[in-house]
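Here the structure is laid out as structure tokens; the discussion comes afterwards.
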Amino acid sequence: METQKTNWAQFIPLVTVFFFWGFVAASNDILIPVFKKAFDLTQGQSQLVSVAFYIAYTVGSLIYMLISLAIGKDLVNKIGYKNGLALGLLISALGTLLFYPAANLQSFPLMLAGLFTVALGFSLQQTVANPLAIALGPITTGSQRLTLAGGINNLGTTIGPLIVSFAIFGSAASENTNMSIESVKIPYLVLGAAFLAVAILLKFSSLPEHPETIEEAVKEEGTVKSSALKYPQLLLGMLAIFIYVGVEVSTASNLPAYMETIVNSETGVLYTLKEISPYISLYWASLMIGRWTGAVEAFTDNMSLQKILRFVAPYLAFGVFLLVNAVAKHDLSPFYIYGLIILVLIGADMASKGNPARMLLIFSALGIIALTIGMFTDGIVSIYAFTSVGLFCSTLWPCIFTLAVSGLGKHTSQGSSFLIMMIMGGGIVSWLQGVVSESIGIQHSYIVGILCFAYLAFYAWKVSGILKNQGISFDKKVSGGH
């Protein structure tokens, strides 16, 4: 397996769907205020946009399992990975079609149904695409390929809101106070056409229907387990995904409430929402910075080039953040110092040596340190401590996912579906931190995040032993390469 190379001809069209996930998910932030005004909703009612979107992942995974039980065989194993992706894109395209009658009928529930259906398709796509990205090359760089795919996803989250906002409002968004809900129709019909185009592209691509690296089950004591749920790495990994998505989302979602309690040293008054937004942008940009860094090993076996790219990639991503905020006419001077914090990320990435378990352990430890500093310092130091959590969350999804599905063999797609179901942790952990903040204050409520990282560190240690007993190793065995 060490001589196997990443199949870029198959990987590049695959990551198109990763871009879609980020593009649409981030664009929901534009739809929330649009729907709130157009349908005269309360703030709570407007948040149903997020509820409808994210609950679809869990519902989709449940439907997937029920269908698999009904046909007596795992759905993706039956129809193939390529067909599974195409079917998921088709379902998402059908969801975008609902925006047309919903706009004509001025129906908020139908709009939510459209978003729900789009995300339902995403659930199937994620079930297929994540393990497939790992399979298109050597296992030792599987997490790096998934990290690279995550970087493409972050590109979607960066430009999605800008494009959708322009499509809905035009160039004078701030002056458009008479926006009609019908302006949503065309952008989402175009998005649906893009889904169909990519479905056709993938259908006729060279992507494998049944990748050999997935078909090969790891045998223990001469037998192959009968269900994905009988693999301890998956069971523990499901909780890890739940907690990881939770700490990633809750850290950002509670940051505005914390910053509103801090005096801006430059203005002498509390931070305003307008002043807070660039820091929220920096948090999500930190995920892109970390993922671009973590994906370096997927590109080349040349160790000298890897060392150079480890410094170039994160600062290139940081440059994208600065450029976007410069265009938005934000003051960039407070952000330059963040470049030094990125050095911590680079050092941690080098120390992990591409091993997903080691990376998960190191980055979780850094997450604990960052949150602890944030809890017990003040002002800009605490803000950047909390923001840096984005750097240390950046590669955790691919690490956890790779570790959780390793060795599942023909049960890989079933295990992937269970993992996708656990995305709901983003909403639950955020809610939990909010409840805790009411008792001990918003700053100290980040103890919830510390407990989350503590479990992730435990999972990294525990799963290493589990996979070692199954004969699975992620350490590089060829000097200077893979």
Quick check: at a probe of 1.4 Å, how many percent of the accessible area of the range 257-356 sits on carbon and sulfur atoms? 70
Point-to-point label distance, Val59-Met303, nm (Cα→Cβ direction, 7 Å offset): 5.3
Computed about the Cα centre, the charge dipole of the chain from +1 Lys/Arg and -1 Asp/Glu charges at the Cβ has a magnitude in debye, to the nearest 20, of 920
With a cut-off of 8 Å between alpha carbons and a minimum separation of six or more residues, what is the relative contact order of the range 250-330 in percent? 25
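Any idea what % of Cα-Cα pairs in the chain are farther than 40 Å? Mind showing how you got there, number by number?
Details: 20375 of 115921 pairs.
In whole percent, the long-distance tail amounts to 18.
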Applying 1/(1 + (r/R0)^6) with R0 = 41 Å to the Cβ-Cβ distance of Leu316 and Gln106, what FRET efficiency is obtained, to the nearest 0.05? 0.40
Which of the residue pairs Lys36/Lys274; Lys274/Lys307; Lys78/Lys185; Lys353/Lys468; Lys37/Lys329; Lys37/Lys82 have a Cα-Cα distance greater than 29 Å in the structure shown? Lys274/Lys307; Lys78/Lys185; Lys37/Lys82
Does the range 20-126 come out rounded, prolate or oblate, given a ≥ b ≥ c as the square roots of the eigenvalues of its C-alpha gyration tensor, rounded meaning a/c under 1.5 and, failing that, prolate meaning a/b above b/c? prolate
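Can you bin the range 311-454 into rounded, prolate or oblate? Criterion: square roots of the alpha carbon gyration tensor eigenvalues sorted a ≥ b ≥ c, rounded for a/c under 1.5, prolate for a/b above b/c, oblate for the rest. Can you show the working numbers first?
Numbers: a/c = 1.81, a/b = 1.26, b/c = 1.44.
Here the range 311-454 falls in the oblate category.
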How big is the charge dipole of the range 234-382 about its Cα centre, in debye rounded to the nearest 20, if each Lys and Arg gets +1 on its Cβ and each Asp and Glu gets -1 on its Cβ? 360
Per the rule of 0.36 nm per residue minus the C-alpha distance, extending Lys203 to Asp378 adds in nm 57.6 nm
So, R0 is 30 Å and r is the distance between the beta-carbons of Thr261 and Val327; what FRET efficiency does that work out to, to 0.05? 0.55
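The values are calculated or read from the model by the stated rules, or taken from the named source; none is laboratory data. Predicted model, so just to flag it, every value in this text is computed and none were measured. Neighbour counts run over all protein chains shown; Cβ positions are idealised from the backbone, glycine included. These area figures cover heavy atoms from the full protein model, side chains too; ligands, DNA and RNA do not enter into them. Shrake-Rupley method; radii C 1.70, N 1.55, O 1.52, S 1.80 Å.
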